[in-house]
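A quick write-up on the structure given underneath.
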Amino acid sequence: MAAPLSKKFTLNDLRAARAAGSKTPVLTCYDYTTARHMQAAGVPVLLVGDSAANVILGYDSTLPISLNFLIEITAAVRRGAPLAMIMGDLPFGSYGGDVGRGFDSAANMVKLSGCDCVKLEVGPTHTTLVNELAGAGVAVVAHLGLRPQSVSLLGGYRYQGRTAAEANALVAMAIEMQQAGAAAILLEAVPPEVSQRVVERTGVPVIGCGAGPSCHASVIVTQDGLGLTPHRPRFAPALRDESGRDPAAAINQAFASYVRQVAGGEYPGAEHQYEMLPEEKIRFLKMQ
């Protein structure tokens, strides 16, 4: 079992992991309680992703989630895991088309949530924004490959870098983002040849999300790994405890147990109740 975090994990630790060739685990997190457990389990980096739109709010895409909501839950995760490196996500519409608006969105995320870095899905039009943020001291994680916020433009949730031209463009964009000042690159749903080349051509940590073994860190949506979503992506491992138990099945069984206890009159029992002082109980009953 991994040891709990004992000191603050920072971007420098992520850089050191890249230099040492070690791999850094990253999980998504959206609430204070789960963040506490993840820190206790030794998870060094937590991503408060716009995937909360899907797994927390029940939307079909990430597009409807608001910046204010993401700031609020990122702050909750920060409070739950003060030693972890917290990555806040900028949602659709909070940074596109206007550098000033994007700068303000990122600045508010950092100031109001206390996150350590900000992730945004980038394309050629975001180079100036990344440069401005880096110049102001904001650690930017540039998200490339499958960009869920651009799902309509991409024609669905399809892996990227399928052709030599697409792959070459992804590598070029990663280099451009590093030159603009990005502190790290996140690659989602790309072939391993593409991520390998990005790792070779850049000097910043590369976080993979379905991007093969060459990346310096790997991230999945926690609910996918736990089997709590309708479909587990092919790149998400099935997370199990040391006995190999299925977490989703265990949770369902726990809920079913509660239903049985209440329906059968087992709960609440005497051990679950509060007691009045004997003299106050007598006085109260006489009043009735």
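The values are calculated or read from the model by the stated rules, or taken from the named source; none is laboratory data. What you are looking at is a predicted structure, and each value in this text was computed from that prediction instead of being measured. Quick reminder, even Gly has a Cβ in these numbers, built from the backbone with ideal geometry, and neighbours come from all protein chains shown.
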Revision key, fill the gap. Filtering segment 66-110 for residues that are more than 21 Å from Cys29 (Cα to Cα) and touching an Asp or Glu at 6+ places or on another chain (Cβ under 7 Å) leaves a count of 2
Practice item. Identify, from the list Leu5, Leu46, the residue that is under 30 Å from Thr202 (Cα atoms), in the same structural domain as Gln223 (by TED's automatic domain parsing) and touching a residue at least 24 places away in the same chain (Cβ under 8 Å). Key: Leu46
Point to revise | Candidates Leu63, Leu70, Leu146, Leu112, filtered to the one that is surrounded by fewer than 24 Cβ atoms within 10 Å (Cβ to Cβ) and over 25 Å from Ala169 (Cβ atoms) | key: Leu112
Exercise for review: Return yes or no: is Ala172 surrounded by fewer than 20 Cβ atoms within 10 Å (Cβ to Cβ), outside any loop (DSSP other than H, G, I, E, B), assigned by TED's automatic domain parsing to the domain that holds Ser61 and free of Cβ contacts under 8 Å to residues at least 24 places away in the same chain?
Suggested key: yes
**Study point:** Filtered residues of segment 87-101 (kept if under 20 Å from the mean Cα position of the chain (by Cα) and either in a helix (DSSP H, G or I) or surrounded by fewer than 16 Cβ atoms within 10 Å (Cβ to Cβ) (or both))
**Key:** Gly93
Revision key, fill the gap. If you go through Ala263, Ala270, the only one that is loosely packed, with under 10 Cβ neighbours inside 10 Å, modelled with pLDDT under 95 and either touching a strand residue (DSSP E or B) at 6+ places or on another chain (Cβ under 8 Å) or not assigned by TED's automatic domain parsing to the domain that holds Glu188 (or both) is Ala270
Exercise for review: Return the only residue of Val204, Val190, Val219 being assigned by TED's automatic domain parsing to the domain that holds Val43, in contact with a Lys or Arg (Cβ under 8 Å, 6 or more places away or on another chain) and not in a helix (DSSP H, G or I).
Suggested key: Val204
Review point. Across segment 149-177, what is the total count of residues that are modelled with pLDDT under 75 and more than 23 Å from Ile65 (Cα to Cα)?
Key: 1
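Being part of a helix (DSSP H, G or I), within 30 Å of Lys8 (Cα to Cα), touching a Leu at 6+ places or on another chain (Cβ under 9 Å) and of a type in the set (Val, Ile, Thr): is that true of Val130 here? Steps first, please.
Values: part of a helix (DSSP H, G or I): yes; within 30 Å of Lys8 (Cα to Cα): yes; touching a Leu at 6+ places or on another chain (Cβ under 9 Å): yes; of a type in the set (Val, Ile, Thr): yes.
Judged against the criteria, Val130 is a match.
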